[in-house]
Each structure stands twice: as C-alpha cells, then as structure tokens.
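Comments concern the structure below.
The values are calculated or read from the model by the stated rules, or taken from the named source; none is laboratory data. This structure is a prediction, so every number in the text was calculated from the model and none was measured. Virtual Cβ from ideal backbone geometry, glycine too; neighbours counted across all protein chains shown.
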Amino acid sequence: MDPTILLMLPALLLSFYAEHKVKSTFVKYSQIGSHKGMTGAQVAAKLLAASGIRDVKVQPVPGQLTDHYDPRAKAVCLSEAVYNQSSLAAVGVAAHEVGHAIQHNRDYGPLAFRTGLFPAAQLGSNLSMPILIVGLLISYSGFGPWLLYAGILLFSLTVLFQLITLPVEFNASSRAIGLLQDNHILSAHEAAPAKKVLDAAALTYVAAAVSSILTLLRFLILAKRR
C-alpha cells in the first residue's frame, strides 16, 4: 500500500464529521420556529430590501441543503426546507445567502477574486487528475516529471479556490447574524442557534480545504519520489 494514502485519513474523517454535523444541526433547529414566524423567502426579501438591493430575486430550488446565491442570475436560491419554512435553521440559511448577495452588490474583494478564479479552478479540477495519473504511470520517462508538475500546478488552482472560499463563507455568516438582529428578525437568544447552523455549514468548507491541501501534499511527495 502506498503510505501517502494515510495523509488522506484525517481529511476523510473530518469530511464525514462535517457532513454529519451540518445535517444533524440543520434537522435539530428546523424543528424550532422563530418568534416572528417569517419564512426563509420572506426573510431573504426583507433583508435584501433593508440592504438597498432591488435587483436580486428570491426563488426556490429543489433538493436539500442546496441553498446558494447565483451571481450571474442575481438570485438567492433557497431549498424547499428553507424557502417555505420559518424555523431558526431556515431563517439563518436564508440570511446567509443574502450575505453573499450583499458581498456581490458591494464588490467584496474575496468574492470577486473567487468568482474570477472559478473558470481556472474548474479547469484545474477537471484536468489535474488525468494528467497526474499519466505522469505517475510514465514517471520514469523524460516526459513524466513534466506531466506530474503540470498536474500539481493545475490542482493547486483548486486548492487556492477552496482557501479563498473560507473568508467568503465566514463573512457571509457574520453578515447574516448581524442582519437578523439589526432588523429584529431574531432575538438575541434565537441568534445563537442560527449561528450554530451556519457554523456547522462552514465546517464543510473547512473540511474541503483540508482535503485539497493534503491531496496536494500527497502529490508533491509522490512527484519527489519519482
């Protein structure tokens, strides 16, 4: 067995934990309604208006935990469990996505950088693995090392994308909690559970970043061995 595979064990365990944490936390606080009784869609619309954003729509999307902000369509997209529900979890997630809309509206630097990096990161994600595998298979030929390091360079774009995602997500969550309290949608004791939901979701991004960093480290070790 290649011993470098052990590098991936912490990332695998963290990913499993993060996935369990976000699902269990969301389910827990989906059962507790907010005192205002506003649905996720209503919360998103109110926060957008309160932030002076008139050109972003709020729309439902199928699936569970599929909530996101689409900068191209200028749309806050909320899953069924958020769009029509008034739970603390739904309110927190809706506010988080509005946080991204505000970032976009105000040209938040890390978000702009991530958006610009996305095409290159996607290309790197699609091409790096095939190139690395071929490079490893022919690593003892003259062309092999060039392929290995080309694959590593491409994969590093994915790592960079994962890293820049962290401040974007943390900032959106911070904005969300502030907006909910400033606009009196959640009381102080309700804001804490909503923050737990967002913190659990943020852990999945941390796990993805750790996994990509350890994968890059593993490829560097394998390339050096060749």
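Hey, does the range 82-101 have a residue that's farther than 21 Å from V58 by Cα and not aliphatic (A, V, I, L, M)? Within the range 82-101, none of the residues are farther than 21 Å from V58 by Cα and not aliphatic (A, V, I, L, M).
If you check I213 against the conditions, is it among the β-branched types (V, I, T), assigned to a helix (DSSP H, G or I), out of contact with any Lys or Arg (no Cβ under 7 Å at 6 or more places or on another chain) and surrounded by fewer than 15 Cβ atoms within 10 Å (Cβ to Cβ)? Let's see the steps before the verdict.
On the way: among the β-branched types (V, I, T): yes; assigned to a helix (DSSP H, G or I): yes; out of contact with any Lys or Arg (no Cβ under 7 Å at 6 or more places or on another chain): yes; surrounded by fewer than 15 Cβ atoms within 10 Å (Cβ to Cβ): no.
For I213, the condition - among the β-branched types (V, I, T), assigned to a helix (DSSP H, G or I), out of contact with any Lys or Arg (no Cβ under 7 Å at 6 or more places or on another chain) and surrounded by fewer than 15 Cβ atoms within 10 Å (Cβ to Cβ) - is not met.
Does any residue of the range 108-123 turn out to be buried (at least 21 other Cβ atoms within 10 Å of the Cβ), assigned to a helix (DSSP H, G or I) and in contact with a Lys or Arg (Cβ under 8 Å, 6 or more places away or on another chain)? No: the range 108-123 contains no residue that is buried (at least 21 other Cβ atoms within 10 Å of the Cβ), assigned to a helix (DSSP H, G or I) and in contact with a Lys or Arg (Cβ under 8 Å, 6 or more places away or on another chain). Of all the criteria given as (1) under 21 Å from the mean Cα position of the chain (by Cα); (2) surrounded by 15 or more Cβ atoms within 10 Å (Cβ to Cβ); (3) farther than 28 Å from V210 by Cα; (4) touching a residue at least 24 places away in the same chain (Cβ under 8 Å), the one not satisfied by A75 is (4). Taking first residues from the range 122-139 that are closer than 12 Å to A150 by Cβ and partners that are modelled with pLDDT under 90 and surrounded by 15 or more Cβ atoms within 10 Å (Cβ to Cβ), the Cβ contacts under 7 Å between residues at least 6 apart in sequence or on separate chains come to I131/L147; L132/L148; L132/F219; V134/L147; G135/G144; G135/L147; G135/L148. Residues that are within 24 Å of N84 (Cβ to Cβ), free of Cβ contacts under 8 Å to residues at least 60 places away in the same chain and outside any helix (DSSP H, G or I) within the range 1-60 comprise Q31, G33, G37, T39, I53, R54, D55, V56, K57, V58, Q59, P60, listed in sequence order.
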